[in-house]
Every structure is written in structure tokens, then in C-alpha cells.
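Since every read-out is calculated from the coordinates, none of them should be taken as a lab result. This is a predicted model, so every value here is computed, not measured. Glycine also receives a Cβ, built like all others from the backbone with ideal geometry; neighbour counts cover every protein chain displayed.
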Amino acid sequence: MRCPFCRVDNDRVIDSRSIDDGANIRRRRECLSCRRRFTTYERVERQALSVVKKGGVREPFDRDKIRSGLNIACGKRPITEHDIEALVSEIESECYDNYESEVPSRAIGERVMELLRGVDQVAYVRFASVYREFKDARDFVDELEPILASDRAAASDRAAASDRAAARMMAGGQGIVAPRAAGPGGAPVGERPAEAVVEPRGR
Ligand SMILES: [Zn+2]
């Protein structure tokens, strides 16, 4: 590496350390000619990625743009700079891993929304409202409806799973007749797997 002070290309590395979770290496060097020290950074070269926008316009992939979109959506929410940086890095890695040289801006926007949705729903809706260009309250409700529906589904899945677990516990395991498993007239129905007598919730 050519010395930035005396321009002589003769140095030794005095320290190397991995930074940014191993994405970059920082090397401290000493020029053997003038004895001054300088720092270099080394990172993996990736093929340039272009973002294809709605009208077909291409621009270089820019993580700062993703970060600033996230910063706006996450304003005053319990999300740290570090969280945002992690999201940006995740999206960046996915884009480079999944696309050769061009990535549609839509794919990035959708992915940002997907990740935000798992992090903070207020930030998610804010991002979605800008990204999807909500025109009125109806659009807003349309966007929210699937979230609310999936939250309800998740809650009822959890309830059903705990019902099943409770039923198994009461039945004491497979092959043992559960307390409710009586046939007409109170006669026992005999040996049945516990699963077969579990009734769905809400009957
Ligand atoms: Zn030098």
C-alpha cells in the first residue's frame, strides 16, 4: 500500500481487526520509509446492484435510502439505531443474495414492510402508508385488515394448541380414556386415543 504521506510503497501491518461483524477488516499500517502510520479497510467486493424503479429508471442500490425510510417510519417508536441498522443490513444481504444485478424497488419495499411488521406494527403501518401511497382511510383499513386477521388467527391457534395440550394432559396420554369419553347412556366407549375425544373449542 502506498504511504499517503511520503508516497513510498513499503509498509508493514501492525494491527488487523475485524469490524462490522466481520464484514470489513481494518488494518493499521506503518510506512517503513517515513515511519508514519495509516489505516486501510478491506471488504468483499460485490457486483454492483441496481434498483429498478416503477417507471423503469435504474439507480445504484443505496442502503442509506433504506435507512432513511426506516428512520422516518420508526420515529418515536421503541426501535434503536442498532435495530434499524440490523434491518438495513438484512435487507441489503438479501438483495445481494437473491438478485444478480438488478432488484425491483417493489421487492425492497415489500421486504421492508414484511420485516417491519414483525418489529413494530405502528412503524409498519407508517411505512406502508407512505410506500403504498394510501389515498384515503379506506386504503388504510385495507392494509390493516390482513394484519388484524392474522393476529386473530395466531391468537386462536395459540388457544387451540393450549386446549390440545390441556386435553392431552387430562387424558394422561394416548390409549387412556379421557373423562368426557363416554358413549350414549354413560357407557364407556372403550380404548380410544386421547386425540380422538378432543373437541374443538366453542362447542
Ligand atoms: Zn511514508
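For Asp11, nonlocal amide neighbours, meaning residues 5 or more places apart or on other chains whose placed amide H falls under 5 Å from its own, are Leu32.
Could you list the trypsin sites (Lys or Arg not before Pro) in the stretch 22-112 that lie in coil according to DSSP, counting only those with at most 14 other Cβ atoms within 10 Å of their Cβ? Intermediate values should be presented prior to the final figure.
Details: sites: Arg26, Arg27, Arg28, Arg29, Arg35, Arg36, Arg37, Arg43, Arg46, Lys53, Lys54, Arg58, Arg63, Lys65, Arg67, Lys76, Arg106, Arg111; in loops: Arg35, Arg36, Arg46, Lys53, Lys54, Lys76.
Passing sites in the stretch 22-112 are Arg35, Arg36, Arg46, Lys53, Lys54, Lys76.
Less than 5 angstrom separates the built amide H of Leu49 from those of Phe61, all sequence-distant by 5 or more or on a different chain.
For the stretch 76-106, the set of GluC sites (Glu not before Pro) satisfying both a DSSP loop assignment and a count of at most 13 other C-beta atoms within 10 Å is given as Glu100. Backbone amide hydrogens, once placed in the peptide plane, bring Asn24 within less than 5 Å of Ile19, excluding anything fewer than 5 places away on its chain.
What chymotrypsin sites (Phe, Trp or Tyr not before Pro) in the stretch 1-52 are in a loop by DSSP, with at most 15 other Cβ atoms within 10 Å of the Cβ? Answer by residue number: Phe5. Across the alpha-carbon set of the stretch 50-145, the Rg to Rh ratio works out to 0.97, Rh being the Kirkwood radius.
Other residues whose C-beta falls under 9 angstrom from the C-beta of Arg28 contribute a net charge of +3, scoring Lys and Arg +1 and Asp and Glu -1.
Residue-wise HN-Hα couplings along the stretch 112-126, as the Karplus relation 6.51 cos²θ - 1.76 cosθ + 1.60 with θ = phi - 60° gives them from phi, are 4, 4, 4, 5, 4, 4, x, 9, 7, 6, 5, 4, 4, 5, 4 Hz; Gly and Pro carry x.
Electrostatic tally near Ser93: other residues with Cβ closer than 14 Å to its Cβ, Lys and Arg +1, Asp and Glu -1, net -3.
Take Cys6, Cys95 and order them by how many other Cβ atoms sit within 10 Å, fewest up front.
Details: Cys6 13, Cys95 19.
Listed from fewest to most nearby Cβ atoms, that is Cys6, Cys95.
The phi torsions of the stretch 55-72, fed into the Karplus equation with coefficients 6.51, -1.76 and 1.60 and a -60° offset, translate into couplings of x, x, 5, 10, 9, x, 4, 9, 5, 4, 5, 5, 4, 5, x, 5, 4, 5 Hz, rounded to whole numbers, with Gly and Pro shown as x. In order along the stretch 153-166, phi translates into HN-Hα couplings of 4, 5, 5, 6, 4, 5, 5, 5, 5, 6, 4, 4, 5, 5 Hz, rounded to whole numbers, per the Karplus curve 6.51 cos²θ - 1.76 cosθ + 1.60 with θ = phi - 60° and x for Gly and Pro.
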